[in-house]
1. Is it the case that some residue within region 335-355 is over 24 Å from A422 (Cβ atoms) and in a loop (DSSP other than H, G, I, E, B)?
2. If M303 satisfies all but one of (1) more than 19 Å from V261 (Cβ to Cβ); (2) modelled with pLDDT under 95; (3) among the aliphatic types (A, V, I, L, M), what's the number of the condition it fails?
3. Tally up the residues in region 332-372 that are modelled with pLDDT under 90 and either touching a helix residue (DSSP H, G or I) at 6+ places or on another chain (Cβ under 6 Å) or closer than 20 Å to A304 by Cβ (or both), please.
4. Report the residue count in region 357-390 for those that are within 17 Å of M323 (Cα to Cα), of a type in the set (A, V, I, L, M, F, W, C) and not in a loop (DSSP other than H, G, I, E, B).
5. Determine if region 209-219 includes at least one residue that is within 23 Å of N168 (Cα to Cα), of a type in the set (S, T, N, Q) and in contact with a helix residue (DSSP H, G or I) (Cβ under 6 Å, 6 or more places away or on another chain).
6. Of all residues being under 41 Å from the mean Cα position of the chain (by Cα) and without any contact (Cβ under 8 Å) to a residue 12 or more places away in the chain in region 9-18, which is surrounded by the most Cβ atoms within 10 Å (Cβ to Cβ)? Just the residue, please.
7. Considering region 28-45 alone, what residues qualify as being more than 14 Å from D62 (Cα to Cα) and either in contact with a Ser or Thr (Cβ under 7 Å, 6 or more places away or on another chain) or surrounded by 15 or more Cβ atoms within 10 Å (Cβ to Cβ) (or both)?
8. For a quick check of your reading of the model, give me the residue pairs whose first member lies in region 336-356 and is at negative phi and surrounded by fewer than 18 Cβ atoms within 10 Å (Cβ to Cβ), whose second is charged (D, E, K, R) and modelled with pLDDT under 95, with beta-carbon atoms closer than 9 Å and at least 6 apart or on different chains.
Amino acid sequence: MTPQEILQLIQRHEFWLERKPGGGRANLSGMNLSGFNLAELNLQSAKFSGANLSRCILSGADLSYCDLFCVNLDAADLSNAVLHRADLRGAHLRNANFTGANLKEADLRGGALISGNPANPATMLRADLSFAEMDAAMLQSANMSGADLSNATMVEANLESALLCGANLSGVNLRGAQLEGADLSGANLTGANLADANLTGVNLTGAVISRTNMTRVEMNRAILTNVDLTGADLTGANLAETRRALSRSIHDIVRDHVTWVESDGVMGVRAELSKADLSHQDLTGADLSGADLRGAVLVGSRMAGIRLVMSDLSEANLEGADMEGAMMDGVNLSNANMTATRLRGATLASVEIKNSDGKPTGRLWPANLAGADLSRADLTNAILSGANLAKTDLTGAKLHNTNLIGANLRDAVIDPAQLTLALRGKES
């Protein structure tokens, strides 16, 4: 096809996009367009599957929704191009320039080429973006699972919620990149540069970390199950509230924990759920008394009637959780986030301490909520008698008929109008 014919086809495509007479969707599948200048053109939804677009100039072009399946874009210039929701499965993008390009929700997974000969099996092709230039590219929610991004430069690229499961990111430069909520499970990050990157909430389960520069990275709430960070430079990194996924079902963990409690530790296994992600889990009526839930994430979880007697939930995130009627005597909730948590009728009183013979010692172990954020929490009819509420934030909390007798309210922030609705004794 001559350049003139290509231009005529593109003109008909533009008519098709504008719904003008004489228009038709451009189908350039399998064609050799190597080195063509298609800059600034509107090629939205055009078909290019299997085409050779190597060294093409496509800067500023609109390629959103295009069929670019198994296309060859090696060394092509796609700077500032729009590839929103483009199908780039199995594409060859080695040394391509995507600087400033928009690849939101693009599909960059592997693809299978099927020949017309039934005797020949399908050929699986991995999307190859090795050595690609993707600085400041917009890749939010893009699917690059299994893609080869080795030695690519992605400085300050936006990869929020992107799928990079099993991707080859060895030697990639992700300095200052935004990866919040991205899935990098099983990815190879050997020799990668992630300095100053935002990895908030990222899933790094099973990722390979070796000679990886992670200086000053933000890793709050990151999932690090089966990840060895000894091979990373974490100077200045924020690892607060890093999480781990569960290796077993929560049902099995609770069952074994109940056995452990009922047998006084002779049988079963104590629930070790420190920093575990239990967001939106249904734990209604579960018995996790004495469990280790330090720093656990229980956002929006359903825990009505749960037993957490003497459990450690210090620095846990319970925002928006339903804990109505929960039994939490002697619990440790210091510095926990309980914003908008529903605690109606919950019990957070003291536990009587007994000696080795099971006889009362006359001493009590109070529930500890020091420094916890209970703003907008519903504590209607809850029992917090004797609890430690020092420096607790109760701004906007509902305290109707809440038992605060003997509670330590030193430096607590409380709405005076709500406090008048609570049951109080002398406060220390």
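The values are calculated or read from the model by the stated rules, or taken from the named source; none is laboratory data. Because the structure is a prediction, the values reported are computed rather than measured. Glycine gets a Cβ as well: all are built from the backbone with ideal geometry, and neighbour counts include every protein chain shown.
1. yes
2. Looking at each condition in turn, M303 falls short on (1).
3. So the answer is 0.
4. The qualifying residues number 1.
5. Yes, region 209-219 contains a residue that is within 23 Å of N168 (Cα to Cα), of a type in the set (S, T, N, Q) and in contact with a helix residue (DSSP H, G or I) (Cβ under 6 Å, 6 or more places away or on another chain).
6. W16
7. Scanning region 28-45 gives L28, S29, M31, L33, S34, F36.
8. E352/R363; I353/R363
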